[in-house]
1. In deg cm²/dmol, rounded to 500, what helix-only [θ] at 222 nm does the chain give when every DSSP H run of at least 4 residues adds -39500 (n - 2.57) and the total is split over its residues?
2. Taking neighbour Cβ counts within 10 Å as the exposure measure, how do Val101, Val61 sort from fewest upward?
3. Counting alpha carbon pairs within less than 8 Å and at least 6 residues apart, what relative contact order, in whole percent, applies to segment 46-188?
4. Which whole-number percentage describes the relative contact order of the chain, with Cα contacts under 8 Å and a sequence gap of 6 or more?
5. Among Tyr51, Tyr33, which comes first, second and so on when ranked by fewest other beta-carbon atoms within 10 Å?
6. Sort 214-225, 84-95 for me by packing, meaning the mean count of neighbouring Cβ atoms within 10 Å per residue, highest on top.
7. HN-Hα J couplings of segment 232-247 from phi, Karplus 6.51/-1.76/1.60, θ = phi - 60°, integer Hz, Gly and Pro as x?
8. Viscosity 1.567 mPa s, temperature 4 °C: what is the translational diffusion coefficient of segment 46-188 from Stokes-Einstein with a Kirkwood Rh over Cα pairs, rounded to a whole number of µm²/s?
Amino acid sequence: MAEQRPDLIHEECLKRMSFTTMEALYKDLEGLYKKVNRYQFIAPDPLCFVYRYSTALDREVAGLIASAIAYGRVGQIRKSLDVIFERIGCPGDYISGGSFVRFRRDFLDFKHRFTTGEDVASLLLALKRAIETFGSLKDFFRRGVKEEDETYLPALQSFLRGLRIFSENRSGFLLPDPDKGSAFKRLNLFLRWMVRCDDVDPGVWRDLSCSKLIVPLDTHMYKIGYDLGLTKRRQADLVTALDITESFRKINPNDPVRYDFSLIQLSIQNSVLLDQFIAQAKKKAA
């Protein structure tokens with residue numbers, strides 16, 4: 001990956017988002033997007049594993065697996081995903097031709113933090129059954145999408161419930177319980193990869209609207225959102241994810257997660273510049 005790092009932009013970003021403030025923040029975020037939202041900056045993001053494949057089926061299966069494992073330290077995530085994809089080869093073929101017995105055997109010794117090989121085998125079983133029943137993960141997800149819904153949250157919850165049933169509730173942490181208030185960071189990350197299409201996100205499901213996406217909320221995005229005044233909530237939960245998403249929607253109604261990759265990359269790769277930006281934003285908002 002290129003060693004170049006994005007320059008920090010220094011425009012006004014007030015906590016009380018007036019029209020002029022939103023307009024200024026929009027310009028700032030667009031400037032950052034143009035500098036950072038590039039394919040060359042993807043590594044070592046787990047999204048790299050999706051780009052190993054070319055077909056829609058392989059990419060959606062790889063995307064769900066990669067996003068499900070995307071917790072913990074980046075180096076360990078990469079190591080664990082290398083093991084998984086080395087063993088499964090072509091995701092679509094492996095899923096369609098495999099069985100739960102094979103999945104368990106192939107991942108008997110696998111461990112990623114508190115995810116076991118049994119958890120991975122159960123996730124693979126869920127994907128197999130979903131694809132056999134609906135033809136693709138996209139068609140499985142689309143059955144829960146309703147035009148009147150402001151976000152994909154109801155569809156995501158339905159998608160998760162279905163996958164958990166297909167996995168016989170044996171997938172552990174990999175498929176969170178939709179009724180327990182999770183922010184669904186990893187699943188919203190998966191949806192960002194599948195729905196958006198630009199130099200970073202592959203857009204496998206291009207006929208779904210970006211306007212309904214929800215910000216993948218982790219500790220980095222929570223700190224950014226709170227310090228920029230995009231939320232006043234003190235918990236990094238689902239309500240906060242929706243709150244920050246609504247703030248981004250005021251800035252960019254058609255694509256509220258457009259700036260997710262750029263902001264997270266700045267946070268991870270050049271935290272000093274991000275801290276400077278936040279400090280200046282706080283000073284101007286005082």
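1. -17000 deg cm²/dmol, from helical runs alone.
2. Val101, Val61
3. 22 percent
4. Details: 394 pairs, mean separation 59.9, N = 286.
About 21 percent, as a whole number.
5. Listing Tyr51, Tyr33 from fewest to most nearby Cβ atoms yields Tyr51, Tyr33.
6. With the highest mean Cβ count within 10 Å placed first, the list reads 214-225, 84-95.
7. Once θ is set to phi - 60°, the couplings for segment 232-247 become 10, 6, 9, 10, 8, 10, 4, 4, 5, 4, 5, 5, 5, 4, 5, 5 Hz.
8. 85 µm²/s
We did not get these values from a lab; they are worked out from the coordinates using the rules stated. Keep in mind the model is a prediction, meaning the values are calculated, not measured. With ideal geometry, Cβ positions are generated from the backbone for all residues, glycine too; neighbour counts draw on all protein chains shown.
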